[in-house]
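The values are calculated or read from the model by the stated rules, or taken from the named source; none is laboratory data. Computed from a predicted structure; not experimentally measured. We place every Cβ from the backbone using ideal geometry, glycine too, and count neighbours over all the protein chains shown.
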Amino acid sequence: MNEPAVQHEHRTGALESRLGRLLNAGTLVSGILIASGLVVYLARHGGERSAFRDFTGQPDGLTHPLRVARAAIAFDPAAMAQLGVLCLILVPVVRVVFSLIMFALRKDAFYSAVTLIVLALLGVGLWGAVA
């Protein structure tokens, strides 16, 4: 193997290692946020009886990411759990972004283009869910 190929493999391996740590961290943060929301909810409402006769839909404050983040900072338990779910949704998006970077570093035009299309479709889907 020539020197540039070795450097390229080392750089790609380092990116893959970083990606693995980032995905693990994202999943861990998501789990911590969801568990924290559950703990806060149980601390505040654990002794209450549930009324299953009346259905109430999702509050407006939990339908937009910025409002969810603000409410989670204020220790709203539902918002904390919702923010955890949003983080979990973003983990695969981060994976696609890193895949795009790795394919671009390898100068693989076909897979870069396919990954860019996948990223665009994810963006359109997420934007439609937020808007």
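At-a-glance table
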item: Counted residues, the range 11-30 - those being within 16 Å of residue 103 (Cβ to Cβ) and within 11 Å of the chain's Cα centre (by Cα); result: 0
item: Matching residues in the range 93-102 - criterion: being within 13 Å of residue 123 (Cα to Cα) and touching a residue at least 24 places away in the same chain (Cβ under 8 Å); result: 93, 94, 96
item: Near pairs, Cβ below 8 angstrom, 6+ apart or cross-chain, from the range 113-125 (over 16 Å from residue 90 (Cβ atoms)) to any residue that is of a type outside the set (A, V, I, L, M, F, W, C); result: 115/99
item: Check on residue 73, at pLDDT below 95, within 26 Å of residue 94 (Cβ to Cβ) and under 18 Å from the mean Cα position of the chain (by Cα); result: yes
